[in-house]
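The next block holds one structure in the form of structure tokens; read it before the comments.
All of the numbers you see were taken from the coordinates with simple rules; none came from a lab. These figures come from a predicted structure and were not determined experimentally. Glycine gets a Cβ as well: all are built from the backbone with ideal geometry, and neighbour counts include every protein chain shown.
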Protein chains: 2
Amino acid sequence: MSSFLLKTAKNITKNLTSIRKYSSLNASTIEYLSSIVGSSNCSVSEAIRTHHSKDESLHEEAHPDIVVFPEKTEQISKILQFCNKNKIPAIPYGAGSGFEGGINAIKGGVSIDTSKYMNNILEVNVEDFDCWVDSGVTRKQLNNYLKDTGLWFPIDPGADACIGGMCSTSASGTNAVRFGTMRENVLNLECVLADGTVINTAGLKARSRKNVAGYNLTNLMIGSEGTLSVITKVALKLFPQPETILSAVAPFPDVASAVQSTVEIMQSGLAIARIEFLDEKSIQANNIYNKMSLDETPTLFLEFHGSKGTVDQQAETAMEICKENQCKEFNWATDPEERIKLWHARHNSWFAFKSIHPNRKAISTDVCVPISKLPEILVQTKKDIEELNLKTVIVGHVGDGNFHTFISLDPTDKEEMNRYHAYSEKLVRHAIKVEGTCTGEHGIGLGKMKYMEEQFGKSPIETMRIIKRALDPNNILNPGKIF
Amino acid sequence: MSSFLLKTAKNITKNLTSIRKYSSLNASTIEYLSSIVGSSNCSVSEAIRTHHSKDESLHEEAHPDIVVFPEKTEQISKILQFCNKNKIPAIPYGAGSGFEGGINAIKGGVSIDTSKYMNNILEVNVEDFDCWVDSGVTRKQLNNYLKDTGLWFPIDPGADACIGGMCSTSASGTNAVRFGTMRENVLNLECVLADGTVINTAGLKARSRKNVAGYNLTNLMIGSEGTLSVITKVALKLFPQPETILSAVAPFPDVASAVQSTVEIMQSGLAIARIEFLDEKSIQANNIYNKMSLDETPTLFLEFHGSKGTVDQQAETAMEICKENQCKEFNWATDPEERIKLWHARHNSWFAFKSIHPNRKAISTDVCVPISKLPEILVQTKKDIEELNLKTVIVGHVGDGNFHTFISLDPTDKEEMNRYHAYSEKLVRHAIKVEGTCTGEHGIGLGKMKYMEEQFGKSPIETMRIIKRALDPNNILNPGKIF
């Protein structure tokens, strides 16, 4: 393309983006969609479209033309049939708590918000440790509901995400080191394909623990970020609530010793439930935001689950390892309130960070590496942050080799943005080089597309594209994401 | 199709099957394939083709036209390019230990045997608890190699299967209740697509514990039974060898009480490592075959892993549950030799069963149900076996709700075969009805194709077909399986 044409194309795109502040769908389209979900469950108002135009990330707002709030799967099927026929983009929307622009409607279209009505816990099979939920149910809602059953759903990305959204990025978080990610904890999905076909990925009502009948469509949909289907119902594994929970805070003199302790704890084979790293700046932000008074130094938050005896034994071993690595003191949090406060603080790290940098934007990185590579990459990252003078904290699910850095930015400060881009690219390249990944749990969305080829080479991406084209030939499902 | 045409078609098929005793590939094809792998690694001899014509199942022998023994991925890539261009079927072959006719070459073609050369353990990252192996490595070979590293690979389907074959059916077995199946334990795959393209499913060398970049091609290939790719290399999770292992044998007066104990043990949330059921007839066969003297009554074999304290505590709880359910006595096997003998017997159940029914064929069922449904289906199965007067034993990975019945048959006895078919269909239908699956770990292969629609309905199968057609448009990879 000539540079003139390229410029013109860019201008058109820019204009389209601003035009999209107003719905560009014609009246009959809007009317048809309202006829499916009811006019009160269909909105073209700017406020509602703005709410559905972006997630927690820095990616530019991208408004859908219309937001619909369906009540049931059949309505989503009708919506997709219509979108497919008319080549209108359709973007599944849950809680909007993503970090990579996954729900931003960069090609406009219909945002399908399941959170308003499709939020019922459909069945809990206590004796089988499983449940069926609507995709719009949030993880906190589910755990609240389960409270008196003796069971819980441990996957915990911090935010109160919808189960459907958690499926679409294969979310994980602080408990993954013990319980795995969504990939390991979904037994079956009901989802709607691009042409409106409704399928159950593991069989009509199947929810057995093992099931190898046919292709693993369940795990093809999990992590596909809304580009292959709209997930409507999810069968989840549940777990017995732990008999005893013991948390601990372990402050270290530096990053290296905290991370080395993590590596050794993991290598000892301890069945630790959580092991989270927070650097001194993250602790500082948490102290301010959550009114705590933790030592402002690189710190591990640890948690142990099990019977009293097991938990004590595990904690003892972990403490020994930490102390051998210069841990200053190992502070137990046995009291449930104290423990809840601790993890609440960890979960609020993102908001704590944002609050101490008011009037600025924040973004999170998400690399994951083999655990033996964690010390080198974390120490290098700390050095890079200092050299580039970025406002950054480091937190991480270090037991899995997954960590985040939150960076505070002023998007209008070009020079700072350049420093951020240089930093972020170096970090991702480092992770890929040491046999890790550009994303451990946030997904590709818009933010990581540029790293796909670096991580995979060309062929696997073409394989993914072949699958996408085969299942969504008109490219209506969340277009412009992943590839 | 008219009944005349149908008859003719059947005759043609029959003739084709017998013709296939001799390779139907022309000389230039054979010459070209030898030029890729070398003439000594290429065979059209009847003995070798017969060896590659069937697995452990009852399905009729179906000879490939040629068997090749490649040394490396590049050769498999060239073979598939050639097969794809010339529409010649290609069937991956590992150890031939499958149970559903997955490797039978029902359309002839090229059997690609990875076991001869592609059987190297490529790298073990002790500090990361992972390894890369060629797909032709067997699980026993891997565990032998790992012996001195303090690590092991726990997935254990009984047979000494190849890791590649274990991927293709998402194998599991006795340890799955604790460690999961292949789906949960593969970090990355190198595989060759139908057109010869080589891909790494999780990234070029990626082996981080978590990785959500792009579609989960890894788990699409796992369980696809050789119909989407030929798997050449596998990155596996490894686990620390347990500090203490404690096994126990618990005999019960009847099936119901043994299974009820299993349900209660699982519901107690105990992290049990294995919990296997053997009915009295299976114990009887094992006693003869393995020269043991166990009580010939429905029995649980249990195993606990962990530190000494944890293991004792867990075993104590399990024993209490069993005793409350009329377990006659709880016999400990602490001595490693005794323990090995016990699990060797469990793993040899299939061969023990075959040996007590000489000159007959044997087949295994493989349903899996939610654990609360296990007592009803097992008790019903026992009743059906007696009513239909079938020579059958029941063994099962009951902690996962997965169990097998081995049936001894004379395929020429039409009346007995009819009784078997009636039994098997009733069992599978029962499993699907109680929200289970027709296959927990053996796969669909040839044997379960007829149940796919019953389990899924039409649409998900069409979704699988769309993926198959997109990735293998000429249907060369293991054609005629799954769908």
With +1 on each Lys and Arg Cβ and -1 on each Asp and Glu Cβ, how big is the dipole of the range B:93-166 about its Cα centre, in debye rounded to the nearest 20?
380 debye
Taking square-rooted eigenvalues a ≥ b ≥ c of the alpha carbon gyration tensor, is the range A:188-320 rounded, prolate or oblate, where a/c under 1.5 means rounded and, failing that, a/b exceeding b/c means prolate?
prolate
FRET efficiency for A:Glu415 and B:Val126, Cβ-Cβ distance as r, R0 = 51 Å, nearest 0.05?
0.70
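Rank these for me by crowding, A:Val249, B:Val259, going from fewest to most other beta carbons within 10 Å.
Numbers: A:Val249 22, B:Val259 25.
Ascending Cβ contact count within 10 Å gives the list A:Val249, B:Val259.
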Quick calc, the range A:244-434, dipole around Cα centre from Cβ unit charges on Lys, Arg (+) and Asp, Glu (-), nearest 20 debye, gives 540 debye
In what order do A:Ile283, A:Ile121 fall by count of nearby beta-carbon atoms within 10 Å, going from fewest to most?
A:Ile121, A:Ile283
First measure r as the distance between the Cβ atoms of B:Thr50 and A:Asp312, then evaluate 1/(1 + (r/R0)^6) with R0 = 51 Å and state the FRET efficiency to the nearest 0.05.
0.25
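Which FRET efficiency value, to the nearest 0.05, do you get for A:Met292 and A:Lys328 by plugging their Cβ-Cβ distance into 1/(1 + (r/R0)^6) with R0 = 25 Å?
Details: r = 17 Å, r/R0 = 0.67.
My answer for the efficiency is 0.90.
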Sticking with the crude label model, points 7 Å out along Cα→Cβ, report the distance from A:Ile466 to B:Glu337 in nm, one decimal please.
5.5 nm
For the range A:244-434, diffusion coefficient by Stokes-Einstein and Kirkwood Rh (Cα), 4 °C, 1.567 mPa s, µm²/s
76 µm²/s
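Using the Kirkwood radius built from alpha carbon pairs, what does the Stokes-Einstein equation give as D for the protein assembly as shown at 37 °C and 0.692 mPa s, in µm² per second? Before the final figure, lay out the partial values.
Details: Rh = 29.3 Å.
Using the Kirkwood radius from Cα pairs, D works out to 112 µm²/s.
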The Cα extents of the range A:121-240 along the principal axes, largest first and rounded to whole Å, are 40, 28, 24
Which of the pairs A:Lys107/A:Lys281; A:Lys54/A:Lys78; B:Lys140/B:Lys323 have their Cα atoms more than 28 Å apart in this structure?
A:Lys107/A:Lys281; B:Lys140/B:Lys323
Largest first and to the nearest Å, give the Cα extent of the range B:59-107 along each principal axis.
30, 22, 14
Along the dipole axis of the protein assembly as shown (charges at Cβ: +1 for Lys and Arg, -1 for Asp and Glu; origin at the Cα centre), the most positive-end residue among A:Ser39, B:Asn84, B:Gln455 is B:Asn84
Simple spin-label estimate for A:Glu74/A:Lys87, 7 Å along Cα→Cβ, in nm, reads 3.1 nm
Table column - 3J(HN,Hα) (Hz), the range B:126-131, Karplus curve with 6.51, -1.76, 1.60, x for Gly and Pro:
4, 5, 9, 6, 8, 8
So, counting K/R as plus one and D/E as minus one, what does the shell of residues with Cβ under 9 Å around A:Arg139 add up to?
-1
Report, to the nearest 10°, how far helix B:374-387 tilts away from the longest principal axis of the Cα atoms in chain B, using its own Cα long axis and a range of 0 to 90°.
80 degrees
Proximal aspartates and glutamates to B:Lys308, defined as alpha-carbon separation beneath 17 angstrom and excluding residues fewer than eight positions away on the same chain:
A:Asp312, A:Glu316, B:Glu243, B:Glu316, B:Asp335
Got the A:Glu376 label distances to the other copies yet, label 7 Å along Cα→Cβ, in nm, shortest first?
5.7
Helix B:458-471 vs. chain B, principal-axis angle (Cα, 0 to 90°, nearest 10):
50 degrees
By how many degrees, between 0 and 90 and to the nearest 10, does the Cα long axis of helix B:255-267 differ from the longest principal axis of chain B?
90 degrees
Between rounded, prolate and oblate, where does chain B land on the alpha carbon gyration tensor, with a ≥ b ≥ c its root eigenvalues, rounded for a/c under 1.5, else prolate if a/b exceeds b/c?
oblate
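At 0.36 nm per residue, and after removing the present C-alpha to C-alpha distance, how many nm does the segment from B:Leu388 to B:Ser35 gain when stretched out fully? Let's see the in-between values first.
Details: separation 353, 0.36 × 353 = 127.08 nm, distance 5.46 nm.
That works out to 121.6 nm of additional length.
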Given Cβ point charges of +1 (Lys, Arg) and -1 (Asp, Glu) and nothing else, what value in debye, to the nearest 20, does the dipole of the protein assembly as shown about its Cα centre take?
3400 debye
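If we count other beta carbons within 10 Å of each Cβ, what is the order of A:Phe351, B:Phe252, fewest first?
Details: A:Phe351 17, B:Phe252 23.
The most exposed by this proxy come first: A:Phe351, B:Phe252.
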Positive end of the charge dipole of the range A:244-434 (Lys, Arg +1 and Asp, Glu -1 on Cβ, about the Cα centre): tell me which of A:His305, A:Gln267, A:Asn418 has its Cα farthest that way.
A:Asn418
Do any cysteines in chain B lack another Cys Cβ under 4.7 Å, and if so which?
B:Cys42, B:Cys83, B:Cys131, B:Cys162, B:Cys167, B:Cys191, B:Cys368, B:Cys438
Residues whose modelled amide H sits under 5 Å from the amide H of B:Ala362, counting only those 5 or more places away in sequence or on another chain, are B:Leu409
Please report the spacing between the Cα centers of the range A:298-343 and the range B:341-408 in Å, no decimals.
45 Å
